[in-house]
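The values are calculated or read from the model by the stated rules, or taken from the named source; none is laboratory data. Since this is a predicted model, take the numbers as computed values, not measurements. Cβ atoms come from the backbone with ideal geometry, glycine included; neighbour counts cover every protein chain shown.
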Amino acid sequence: MTHAQPATAPRTMYEKVWDAHVVIPESPDAPAVLAIDLHLIHEVTSPQAFATLRERGLRVRRPGRTLATLDHSIPTLPRRADGSLPILNNDAARQIELLAAHCREFGVHLHDLDSADQGIVHVMGPDLGATQPGMTIVCGDSHTSTHGAFGALAFGIGTSEVAQVLATQCLLQRRSGTMCVDVSGQLPEGVTPKDMILAIIAHIGVGGGTGCVIEYRGEAVRALSMEGRMTVCNMSIEAGARAGMIAPDQTTFDHIRGRAMAPTGEAWERAIEQWRSIASDVGAVFDRSVALNASGLEPMVTWGTSPEDAIPVTGLIPEPAGDSRRDRALRYMNFEGGEPIAGRAVDTVFIGSCTNSRIEDLRAAAQVFRGNRVADGVRALVVPGSASVKRQAQAEGLAEVFVQAGCEWREPGCSMCIAMNGDLVEPGKLAISTSNRNFEGRQGPGARTLLASPLTAAAAAVTGVVTDPRELINEPVTAGGVS
Amino acid sequence: MNPLRVVTSRVVVLPDQNVDTDRIIPARFLTTTGSEGLGAYAFNDWRIDATGSPRPDFPFNDTRAEGAEILVAGHNFGCGSSREHAAWALREIGIRVVISSEIADIFRANAARNGILPIVIDKSNHAKLLTAAFQELTVDLERCEIRSEQLGVMEFPVDAFMRRCLLEGVDHLGYLLTKLDAIEAYEGAAS
């Protein structure tokens, strides 16, 4: 099976980016060899890959196209008085040391904890302007789909593939199917990009995008800021799609311009011209298409242990149905089923993660926290996605709002989303989180997670119960939404 | 990578849909810097309770699961995180074949690169296989068929390259390194 088409046939954005990176086309007997423009690495999924290189006497082929940071295993508490880091355990400390050692040995630029650019890998890349339209971007992390917000083809890979990319700057890949998610209308006030993507996943299912790259389009998607687009593309993997993409436009270019790794001068003009050409052609055919209208969406929250278990915050938790998955999820979450999700008491609130830790997310949360206090008995963590986001939040006075409200304002990192770094939800506790996964034990053994937007999470923090954030907002909210 | 041709073994069935890689290997065990030793934590929080006692209703705790090399799983197995640790953990507990009606993309690729054959089979055969707990099954990659006394013969589709790599124990990185001339030509043209 070859996918070669006449040059005049309309192509999707995915097909254009794919075609531009084919080193050797795929055939029935072998996958394509695909060139990778940007390889992001972190401490958890890279040590075994570097070990493979060392065993085989290989070098990193393109160190200049490889960027490293620390995010998963690091503490988000500040350094101790003696300057040491409160690292969870010796294994985590070893991972952190090894990444630094590997980067020195192989000549890779590490944005370490003292760097002005350190951050969650999917916040750092766009912060630096390293993430650009039309690129192929990979990382040993499934939320690499985030970078598709810029019109890049970006997807998560396993550690064996990390070794392949380090050694050859290429990957063996079969072409994916294509899926179009068209969102018309306008997001109502108080309804955010997080609510949009949770609604999409609830609609197509947690495996609905398996085997596909999703392209998000339509009026409501075009209206999103880059932060909002990143939130949407980030959770493509929660629908089973390895990648999500949004066509680059003026919003994209304005976001990239002036960043450290962005092109300048004549190169910028040439880049814009090229970036404008990668949107899907009129008449391009997708394998599958889904349409939603944003105007009827409400703030969403999950009740179960799969991201597809999302319902409007005004809705009812589904009743048991003799369906083993639903019944197991209800048991794990300790819900009877049939009761409203609003009004459930929460113990922990987590605002952060590669899904929702950017400046607009923090602005949205601060809007709810301003002049309010975290409810008694509730623990609220606010974790900026990167050192740069942290500085900006401090400069805008948001950090002070969080601290005044009684939140813990932390250092950048993955924190409670992955719960392998010391930040976790206690067994049995109910957390409302702006992260991406509500799987059993994801935020700690026995932890129960409700996924929601920064607005909805902040609203629960100040009331102590799951709350429709629209009840608390007096001013118009942009919330990473309408630009 | 050990070649895989024909596997005959008892089957463990995990009928749950959407078993994610956090359930296969919880994140707190990802602080390792190697790929060995993860089998001890496979399905950790599903296999044992908070006191460390084995949960009797977890199929891998059944004595009949001992030595099983074939896992039949519910729809959309291996969704979520890209952690290859999930494949390393399964390999270490002896799993050589995973069969489901859907297997998440990244897990499927990770499994194949670690000598585990991921089989995506049609829904009707999948439904039959879900009833085959602890029965003996033969998975024949040379003939692309599953055979059992109770269920007869079922054919399964498999990617030709994946099949060859598993049959011959081809190392993907080694294969890719044979393409360096083409990679250099591409880079020369692109720069």
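Quick check: is even one residue across region A:235-258 within 29 Å of A:Leu362 (Cβ to Cβ) and out of contact with any helix residue (DSSP H, G or I) (no Cβ under 9 Å at 6 or more places or on another chain)?
Within region A:235-258, one or more residues are within 29 Å of A:Leu362 (Cβ to Cβ) and out of contact with any helix residue (DSSP H, G or I) (no Cβ under 9 Å at 6 or more places or on another chain).
Can you name every one of the strands (runs of 3 or more DSSP E) wholly within region A:310-422 that holds 1 or more residues which are free of Cβ contacts under 8 Å to residues at least 60 places away in the same chain and of a type in the set (A, V, I, L, M, F, W, C)?
In region A:310-422, A:379-382 are the strands (runs of 3 or more DSSP E) which contain 1 or more residues that are free of Cβ contacts under 8 Å to residues at least 60 places away in the same chain and of a type in the set (A, V, I, L, M, F, W, C).
Which residues, taken from region A:175-195, are within 22 Å of A:Gly156 (Cα to Cα) and not β-branched (Val, Ile, Thr)?
A:Arg175, A:Ser176, A:Gly177, A:Met179, A:Cys180, A:Pro193, A:Lys194 - these are the residues of region A:175-195 that are within 22 Å of A:Gly156 (Cα to Cα) and not β-branched (Val, Ile, Thr).
Give the residue that is surrounded by the most Cβ atoms within 10 Å (Cβ to Cβ), with candidates limited to residues of region A:23-35 that are more than 8 Å from chain B (Cβ to nearest Cβ) and not aliphatic (A, V, I, L, M).
Filtering first and then ranking leaves A:Glu26.
Collect the residues in region A:149-177 that are of a type in the set (S, T, N, Q), within 21 Å of B:His85 (Cα to Cα) and at the interface with chain B (Cβ under 8 Å from one of its Cβ atoms), keeping them in residue-number order.
Within region A:149-177, A:Thr159, A:Ser160, A:Gln164 meet the criteria.
Could you grab me the full set of residues in region A:169-193 that are at positive phi and either free of Cβ contacts under 8 Å to residues at least 12 places away in the same chain or in contact with a Leu (Cβ under 9 Å, 6 or more places away or on another chain) (or both)?
Matches in region A:169-193: A:Gly185, A:Gly190.
For region A:251-273, what are the residues that are surrounded by fewer than 14 Cβ atoms within 10 Å (Cβ to Cβ) and over 22 Å from the mean Cα position of the chain (by Cα)?
A:Gly258, A:Thr264, A:Gly265, A:Glu266, A:Ala267, A:Glu269, A:Arg270, A:Glu273 - these are the residues of region A:251-273 that are surrounded by fewer than 14 Cβ atoms within 10 Å (Cβ to Cβ) and over 22 Å from the mean Cα position of the chain (by Cα).
So in region B:160-191, with the set limited to residues that are without any contact (Cβ under 8 Å) to a residue 40 or more places away in the chain and not in a helix (DSSP H, G or I), which one is surrounded by the fewest Cβ atoms within 10 Å (Cβ to Cβ)?
Restricting to residues being without any contact (Cβ under 8 Å) to a residue 40 or more places away in the chain and not in a helix (DSSP H, G or I), the top hit is B:Ser191.
Exactly one of (1) within 25 Å of B:Thr32 (Cβ to Cβ); (2) in contact with a Pro (Cβ under 8 Å, 6 or more places away or on another chain); (3) within 11 Å of another protein chain (Cβ to nearest Cβ) is unmet by B:Val98. Its number?
Going through the list (1) within 25 Å of B:Thr32 (Cβ to Cβ); (2) in contact with a Pro (Cβ under 8 Å, 6 or more places away or on another chain); (3) within 11 Å of another protein chain (Cβ to nearest Cβ), B:Val98 breaks only (3).
Among the residues of region A:329-375, how many are within 14 Å of chain B (Cβ to nearest Cβ) and either in contact with a strand residue (DSSP E or B) (Cβ under 8 Å, 6 or more places away or on another chain) or modelled with pLDDT under 95 (or both)?
Counting residues in region A:329-375 that are within 14 Å of chain B (Cβ to nearest Cβ) and either in contact with a strand residue (DSSP E or B) (Cβ under 8 Å, 6 or more places away or on another chain) or modelled with pLDDT under 95 (or both) gives 2.
Would you please name the residue that is nearest to the other protein chains (Cβ to nearest Cβ), looking only at residues in region A:394-422 that are buried (at least 24 other Cβ atoms within 10 Å of the Cβ) and touching a strand residue (DSSP E or B) at 6+ places or on another chain (Cβ under 9 Å)?
Applying the filter and picking the extreme gives A:Cys417.
Being assigned to a strand (DSSP E or B) and touching a residue at least 12 places away in the same chain (Cβ under 8 Å), is that true of even one residue in region A:194-213?
Yes - at least one qualifying residue is present in region A:194-213.
Tell me whether region A:81-104 contains one or more residues that are under 15 Å from the mean Cα position of the chain (by Cα) and not polar (S, T, N, Q).
no
Quick one: in region A:1-18, of everything that is within 14 Å of chain B (Cβ to nearest Cβ) and surrounded by fewer than 16 Cβ atoms within 10 Å (Cβ to Cβ), which residue is modelled with the lowest pLDDT?
Here the residue is A:Met1.
Using the structure shown, decide if A:Leu128 is of a type outside the set (Asp, Glu), more than 12 Å from chain B (Cβ to nearest Cβ) and surrounded by fewer than 24 Cβ atoms within 10 Å (Cβ to Cβ).
Considered against the rule, which asks whether it is of a type outside the set (Asp, Glu), more than 12 Å from chain B (Cβ to nearest Cβ) and surrounded by fewer than 24 Cβ atoms within 10 Å (Cβ to Cβ), A:Leu128 comes out as yes.
Taking the stated definitions as given, is A:Ala247 facing chain B (nearest Cβ under 9 Å), in a loop (DSSP other than H, G, I, E, B) and out of contact with any Asp or Glu (no Cβ under 6 Å at 6 or more places or on another chain)?
So A:Ala247 fails the test.
What's the number of the only condition in (1) without any contact (Cβ under 8 Å) to a residue 12 or more places away in the chain; (2) crowded, with 23+ Cβ neighbours inside 10 Å that A:Thr302 fails to meet?
With (1) without any contact (Cβ under 8 Å) to a residue 12 or more places away in the chain; (2) crowded, with 23+ Cβ neighbours inside 10 Å applied to A:Thr302, the lone miss is (1).
Does region B:72-85 contain at least one residue that is surrounded by 17 or more Cβ atoms within 10 Å (Cβ to Cβ), aromatic (Phe, Trp, Tyr), in contact with a Ser or Thr (Cβ under 7 Å, 6 or more places away or on another chain) and within 12 Å of chain A (Cβ to nearest Cβ)?
yes
Of everything in region A:36-88 that's within 13 Å of A:Val162 (Cβ to Cβ) and of a type in the set (S, T, N, Q), which residue is nearest to the other protein chains (Cβ to nearest Cβ)?
A:Gln48
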